[in-house]
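Q: The structure under discussion is supplied below as structure tokens; questions concerning it will follow.
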Amino acid sequence: MIEVEHLRKEFRGVAAVRDLSFRAPDGAITGLLGSNGAGKTTTLRMISGALQPHGGQIRIDGLSLSQNPLQAQQRLGALLDHMGLYPRLTTRENLAYFGRMRGIPDTRLRHRIDEVLDILGLGALADRRTTGFSQGERMKVALGRAIIHSPRNLLLDEPTNGLDVPTVRGLRGLLQRMRDEGICVIFSSHVLEEVRALCDNVVVIAQGTVAAQGTADELCLRTRSSNLEEAFVQLTVPKEAIAC
Amino acid sequence: MLNQALIIARKELTDALRDSRSIISTLLYCLMGPGIVFMVSTTMNGKDGADSVLVGMMSVFVLVSAFSGGMNVAMDILAGERERQSLLPLLLTAGARRHVILGKWAAICCFSTASLVLNVVAFWLALRAHFPAPANAANSVLLWAAGLIPLALLAAAVELAISTVCRTLKEAHTYLSMLVFVPTTLGMFTVFFPKLAAGWGRIAPLIAQQWQVEHWWRGTGISILPTIASGVVTALLAALSLCVAARLLERDDVVYGG
């Protein structure tokens, strides 16, 4: 479970995230929905521990990220916007490197890599160097390295960007299986259909703060909208801008 | 947690050894000096002052090899990592950023030290007709332990610190290529103005090592205390450069390039 309370972050005096709070429970996919520049990526970077917040609290499975960063990060897997791989290493070697960095002993690591390759359908690419991999293949390897240590919480920042339809469907299936196993998944996107199809809870972020949260149906009901797109516009775009 | 630094160093070595273009380029840089000095030695054979010219040239190339040996690895290891967007995932797994710096520095050190060893061995093969091998084993141990190895550690640390602030491989290549001019220019200056190597010059990085190499090659002996002092100063500077690199890697604008 991931709990975020009153999170704040500024870049050169400009507030990117201000007083943002939400809770992502176990066994559910929580979608962070927002326009470009709304603060989704900054929020995910702070939850992952890559960015230091200027204020607020983040707890991962009850552990404070600021007080127990190592233990908290060990419970977290993250596939953020940086998906680079090591092109001179094979898929298996890329995964092994991150497994070792996460402290998995070599004897267990071999078995775990085979397991991850199997989950992601990467068996045929296991011993190929990652140079020249397609966008979808690269995303799968990056996801594999994020889950190599079997984290109980997973952060994904717009993971379907640039992927073809079969790969997106494969990823959705995988995330649903992880949710069914009780894993807490936070998934950011600005693609409304994707959020509707996948997420159990939606947190709408606008101008660095939470504009609304609930299930997709609850958001539609609250804004008296017939679909999520209309609800999203009602919640995030100022009324005078809608009138234009 | 030091274990993480070792894991990073091992991975970086494996990665760098598979980059054949970079290895060939490093080898060519490393053997260029002995090749040039060998040609000069054949044309100057028997002429007055030939030995001084050869030793002077050789000492400059030895300094340069410490920097050129790790240059390609240094630019790929951090600026390259940022450019291909694999730095952030790595930082999410590492306990402390100083471990990342330590691991990457260890990998660069292997290359800069190997380059120095290869360079000196190639000089010995190229110039053994002019200068019999320096026979004093104590001098040789002193030169390597307190002179040349600290120089390789310093070169690797400075290169890593520069690579840390560069956003792309191209940017790192530009700055690290300019860095190689420091030992080249300073070395040439000391050849023409040898008085620079007297007094404080005996413990100043680069100047001290050049003086040590020249005297070792001539077989005239190296003073123990100034050599050890220069080694300590050089190692301290390397440690300072590593601290700077680790501090830089804590900064958001350095990690994200924003």
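We did not get these values from a lab; they are worked out from the coordinates using the rules stated. It should be emphasised that the depicted structure is a prediction, and the values quoted were computed from it without experimental measurement. Neighbour counts run over all protein chains shown; Cβ positions are idealised from the backbone, glycine included.
Q: Calculated FRET efficiency, B:Asn3 and B:Leu125, Cβ-Cβ r, R0 41 Å, to nearest 0.05? Walk me through the numbers on the way to the answer.
A: Values: r = 40 Å, r/R0 = 0.97.
For R0 = 41 Å, the calculated efficiency reads 0.55.
Q: Now for a different question. As I understand it, the value is the acute angle between the Cα axis of helix B:224-248 and the longest principal axis of the Cα atoms of chain B; what does it come to in degrees, rounded to 10?
A: Helix B:224-248 sits at roughly 20 degrees to that axis.
Q: Seen from all sides and averaged, what is the projected area of the convex hull of the Cα atoms in the protein assembly as shown, in nm²? Could you put the intermediate results ahead of the total?
A: On the way: hull surface 112.6 nm².
Orientation-averaged projected area of the Cα hull: 28.2 nm².
Q: Report, by chain and number, residues whose modeled amide H sits under 5 Å from the one on A:Ile205, excluding near sequence neighbours (fewer than 5 apart, same chain).
A: Close amide H contacts, sequence-distant or interchain: A:Leu33, A:Gly34, A:Ala211.
Q: Could you tell me which of rounded, prolate or oblate describes the stretch A:129-194, using a ≥ b ≥ c as the square roots of the eigenvalues of the alpha-carbon gyration tensor, with rounded for a/c under 1.5 and, failing that, prolate when a/b is larger than b/c and oblate otherwise? List each step's numbers first, then the result.
A: On the way: a/c = 1.88, a/b = 1.18, b/c = 1.59.
Cα axes put the stretch A:129-194 in the oblate bin.
Q: So, R0 is 60 Å and r is the distance between the beta-carbons of A:Ile119 and B:Ala137; what FRET efficiency does that work out to, to 0.05? The partial results should precede the final answer.
A: Working: r = 59 Å, r/R0 = 0.98.
For A:Ile119 and B:Ala137, the calculated efficiency is 0.55.
Q: Rounded to the nearest 0.05, what FRET efficiency do B:Met178 and A:Ser226 give with R0 = 60 Å and r taken as the Cβ-Cβ distance? Could you check?
A: On the way: r = 62 Å, r/R0 = 1.04.
Taking R0 as 60 Å, the efficiency between B:Met178 and A:Ser226 is 0.45.
Q: Would you work out the relative contact order for chain A, in percent, from Cα pairs under 8 angstrom that are 6 or more residues apart? Could you put the intermediate results ahead of the total?
A: Working: 457 pairs, mean separation 68.3, N = 244.
Contact order relative to length: 28 percent.
Q: Can you show me the helix-derived [θ] at 222 nm for chain B, built from DSSP H runs with n ≥ 4 at -39,500 (n - 2.57) apiece and divided by the number of residues, rounded to the nearest 500.
A: On the way: 12 runs with 191 residues, N = 258.
Calculated from helices alone, the mean residue ellipticity at 222 nm is -24500 deg cm²/dmol.
Q: Cβ under 11 Å from B:Ile101's Cβ, B:Ile101 left aside: what net charge do those residues give with Lys, Arg +1 and Asp, Glu -1?
A: On the way: positive: B:Arg97, B:Arg98, B:Lys104, B:Arg247; negative: B:Glu250.
Result for the neighbourhood of B:Ile101: +3.
Q: Roughly how far apart, in whole Å, are the Cα centres of the stretch A:98-145 and the stretch A:172-244?
A: 31 Å
Q: Assigning unit charges at the beta carbon (Lys, Arg +1; Asp, Glu -1) and nothing else, what dipole magnitude in debye, to the nearest 20, does the stretch A:87-150 show about its Cα centre?
A: Values: 12 positive and 7 negative charges, 45 e Å.
Dipole size: approximately 220 debye.
Q: Also: Suppose a student asked you for the relative contact order of chain B, using Cα pairs under 8 Å spaced at least 6 residues apart; what percent would you report? Present the calculation step by step, with values, prior to reporting the outcome.
A: Numbers: 353 pairs, mean separation 70.4, N = 258.
Dividing the mean separation by the residue count of chain B yields 27 percent.
Q: Over all directions, average the projected area of the Cα convex hull of chain A and note it in nm².
A: 14.2 nm²
Q: Which one of B:Gly231, B:Leu27, B:Asn72 has its Cα pushed farthest toward the positive end of the charge dipole of chain B, where Lys and Arg give +1 and Asp and Glu give -1 at the Cβ?
A: In chain B, that residue is B:Gly231.
Q: Sorting A:Ser48, B:Ser20, A:Ser225 on the 10 Å Cβ count, fewest up front, what's the list? Spell out each step's value before the answer.
A: Numbers: A:Ser48 26, B:Ser20 9, A:Ser225 16.
Result, fewest neighbours first: B:Ser20, A:Ser225, A:Ser48.
Q: Between the helical axis of B:50-74 and the dominant principal axis of chain B, each derived from Cα atoms, what acute angle in degrees is found, rounded to the nearest 10?
A: 10 degrees
Q: Taking amide H atoms as placed 1.01 Å from N in the peptide plane, list the residues 5 or more away in sequence, or in a different chain, whose amide H sits under 5 Å from that of A:Gly55.
A: Those lying under 5 Å, H to H, from A:Gly55 are A:Arg8.
Q: Then there's this: Say we join alpha carbon atoms closer than 10 Å with springs in a Gaussian network model of chain B; which of B:Ala235, B:Ala16, B:Ala129 then has the biggest fluctuation?
A: For chain B, modelled as a Gaussian network with Cα springs under 10 Å, the answer is B:Ala129.
Q: Determine the relative contact order of the stretch A:87-150: mean sequence separation of Cα pairs under 8 Å and six or more apart, normalised by residue count, in whole percent. Write out the running numbers ahead of the final one.
A: Details: 60 pairs, mean separation 33.4, N = 64.
RCO, the stretch A:87-150: 52 percent.
Q: Take every DSSP beta bridge with both residues inside chain A and express the antiparallel ones as a percent of the total, to the nearest 5.
A: Numbers: 20 of 40 bridges.
Percentage antiparallel, nearest 5: 50.
Q: Still on this structure, please answer the following. In what order do B:Ser115, B:Ser65 fall by count of nearby beta-carbon atoms within 10 Å, going from fewest to most?
A: Numbers: B:Ser115 26, B:Ser65 32.
So the ranking, lowest neighbour count to highest, is B:Ser115, B:Ser65.
Q: So how tilted is helix B:169-179 from the main axis of chain B? Cα-based, degrees 0 to 90, rounded to 10.
A: 30 degrees
Q: Continuing with this model, one more query. For chain A, what does the helix formula give at 222 nm: sum of -39500 (n - 2.57) over DSSP H segments with n ≥ 4, over the residue count, nearest 500 deg cm²/dmol?
A: Numbers: 10 runs with 99 residues, N = 244.
Theoretical 222 nm ellipticity from helices: -12000 deg cm²/dmol.
Q: At 7 Å along the Cα-to-beta-carbon direction for both B:Arg167 and A:Ser150, put a label point, then send me their distance in nm to one decimal.
A: Taking the two extended label points, one gets 4.2 nm.
Q: If you take every DSSP beta bridge whose two residues both sit in the protein assembly as shown, what share of them, in percent to the nearest 5, is antiparallel?
A: Working: 20 of 40 bridges.
For the protein assembly as shown, the DSSP antiparallel bridge percentage is about 50.
Q: Hey, rough spin-label estimate for A:Ser35 and B:Ile24, points 7 angstrom out along Cα→Cβ, what's it come to in nanometres?
A: According to this spin-label approximation, the distance is 5.3 nm.
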